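Peer 1: This is the structure, below, for whatever I ask next.
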Amino acid sequence: MAVMAMCAVCWMPLRAQDEVETRHEISLSYGVSSNSQWISDMCEIVPDVFGEKSKNEKYFGPIGLEYYYRTSPLMAVGVVATLAVYNDDRYIDDKISSSVSRNYFSFMPSLKLNWLRKEHWGLYSKVAAGITYGHSSNDNYENGVKTGEKTTNSDLFFNFQASAIGIEAGGNHVRGFAELGIGEQGIALAGVRYKF
């Protein structure tokens, strides 16, 4: 009986300590070579075939915002939202023919597996799948002069992120992180995470 009482006393602090661990996290990241960047590059192949040349090409993002709720020491469920912007000017015979702007907004439910959780660092993997809303606008030019005509197009398509390896380091609440994978957040991304 005394042994059981001692075990109960020893067990109580451990349970209490586990219950006050952080269960929520919010992350902000920036990635490179995302799915939407590959899509934008593929959209430029046809104009290239017909003699248009790309200049002033700019790609911003993806910027990612994530939320996770830890359901167990191993697993967390959440959502990933991203924004990516692509701009490009097309030229024919050194005269601008069009100015293209594409915006991609993604929303993807996600699952995260925390393989290693230490006091100041951890290793994890994650997978996310959902939809991307793509909106493009094209300002038309004639003989290098803007005509005032604008062509717009919108589309929804499936998108995903699969990060094979992620590493985070820092304090109990604020950590920096980096991931390698493939998808809408990019083949590589880094950011900051807040746990509470």
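Peer 1: Kindly count the pairs of lysines across the chain whose alpha carbons are less than 22 Å apart, treating pairs on different chains or eight or more residues apart as eligible.
Peer 2: Lysine pair count for the chain: 16.
Peer 1: Taking R0 as 22 Å, what FRET efficiency do you get between S72 and H173 from their Cβ-Cβ distance, rounded to the nearest 0.05? Show your work: numbers first, answer last.
Peer 2: Details: r = 20 Å, r/R0 = 0.91.
It comes to 0.65.
Peer 1: When only C-alpha pairs under 8 Å and at least 6 residues apart count, what is the relative contact order of the chain, in percent?
Peer 2: After rounding, I find 21 percent.
Peer 1: Let me ask something additional. Calculate the radius of gyration of the Cα atoms of the chain to one decimal place, then report Dmax, the largest Cα-Cα distance, as a whole number, both in Å.
Peer 2: Answer for the chain, Rg first and Dmax second: 23.4, 94 Å.
Peer 1: Then there's this: Rounded to the nearest 0.05, what FRET efficiency do V32 and N143 give with R0 = 41 Å and r taken as the Cβ-Cβ distance? Could you check?
Peer 2: My answer for the efficiency is 0.65.
Peer 1: Further question: What is the local net charge at L74, summed over the other residues whose Cβ is closer than 12 Å to its Cβ (Lys, Arg +1; Asp, Glu -1)?
Peer 2: Values: positive: R70, K112, R117; negative: none.
Every neighbour counted, the sum reads +3.
Peer 1: On a C-alpha basis, how far is the centre of the stretch 92-152 from the centre of the stretch 158-196 in Å? Whole number, if you could?
Peer 2: Here the answer is 18 Å between Cα centres.
Peer 1: Can you tell which of L74, L83, L28 shows the greatest fluctuation in a Gaussian network model of the chain with Cα springs below 10 Å?
Peer 2: Largest GNM mean-square fluctuation: L74.
Peer 1: Got a sec to turn the phi values of the stretch 169-178 into Karplus ³J(HN,Hα) couplings, 6.51 cos²θ - 1.76 cosθ + 1.60 with θ = phi - 60°, whole Hz, x for Gly and Pro?
Peer 2: 8, x, x, 5, 10, 10, 9, x, 8, 9
Peer 1: Spin-label point model (7 Å from Cα, Cβ direction): what's the M42 to D93 distance in nm?
Peer 2: 3.3 nm
Peer 1: Between G181 and residues 5 or more places away or on another chain, which pairs have amide H atoms under 5 Å apart, with H built 1.01 Å from N, and which residues are they?
Peer 2: The list, which skips near neighbours in sequence, is A164, A188.
Read the figures in this text as sums done on the coordinates, not as results from a lab. Quantities reported herein were computed from a predicted structural model and do not represent experimental measurements. Using ideal geometry, Cβ is built from the backbone for each residue, glycine included, and neighbour counts are taken over all protein chains shown.
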